[in-house]
Amino acid sequence: MSNTLKLYELGDMYREALSAAQDSVDPETGEIDDSWSEFLDTVEDSLHGKALACAAMSRELLVSAEATAIEAKRIHKMQLSLERQSESLKNYIARNLPAGEKIRNDYISISWRKSQAVIIDDESVLPDEYWKVKREVSKSIIKDAVKKGTQVPGAHIEEKMNVSIK
């Protein structure tokens, strides 16, 4: 069998060959003609080989993705550390340079700008109109309700088959 066929082509070929081979089944013994049997074995071996190769590649990509996520977390921690150091130096300048004093050279300048900040003294006394409420769908609550027989407009449970690679 050629290794240039794609997995889906092998799957289609196997199903078509299996269907055609069923036409050659001996009605008395139920056996498939030897030539079909050999061909089906060859296609099945190729199909399984390609499927296993795809599964191995999938696992390799997942391992790379996990390693990338770990490295991204490390780099993110480094980023946060650098941002905190920068903010610390900025605060140091603000504490030690008189407010409003401007300083500059050929590479950098320090200046001041006015800003306003809202300070919350006591959240418990704030009226409702000053609160944001985030509305979010809970799929787990919907799933439990549907499983108990409740009709949930706009939602349903769908059975799925998921590939598992270990």
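Only the coordinates and a few stated rules stand behind these numbers; no lab work does. Everything numeric here is computed off the predicted structure, so don't read it as measured data. Note that we place each Cβ from the backbone using ideal geometry, even for glycine, and neighbour counts take in every protein chain shown.
Side notes on the structure shown:
- Annotation for the stretch 28-119: chymotrypsin sites (Phe, Trp or Tyr not before Pro) lying in DSSP loop with at most 14 further Cβ atoms inside 10 Å of their Cβ are TYR107, TRP112.
- Estimated inter-spin distance, ALA145 and GLU28, nm [label 7 Å along Cα→Cβ]: 6.6
- Among the GluC sites (Glu not before Pro) found in the stretch 42-122, those both in a DSSP coil and sparsely packed, with 10 or fewer other Cβ atoms within 10 Å of their Cβ, are GLU101.
- Computed from backbone phi, the HN-Hα couplings of the stretch 49-61 come to x, 5, 4, 5, 5, 5, 5, 5, 5, 4, 5, 4, 5 Hz, rounded to whole numbers (Karplus: 6.51 cos²θ - 1.76 cosθ + 1.60, θ = phi - 60°; Gly and Pro given as x).
- Between ILE110 and ILE103, ARG104, the built amide H atoms are under 5 Å apart, and every one of these is 5 or more places off in sequence or on another chain.
- Applying both filters, DSSP loop and at most 13 other Cβ atoms within 10 Å, to the GluC sites (Glu not before Pro) of the stretch 106-166 gives GLU136, GLU158, GLU159.
- Förster-model FRET efficiency, 41 Å R0, LYS160 and SER86, C-beta, rounded to 0.05: 0.30
- Listed values for the stretch 87-100 are Karplus-derived 3J(HN,Hα) couplings in whole Hz (6.51 cos²θ - 1.76 cosθ + 1.60, θ = phi - 60°), namely 5, 4, 5, 4, 5, 4, 4, 4, 6, 10, 9, x, 4, x, and x replaces Gly and Pro.
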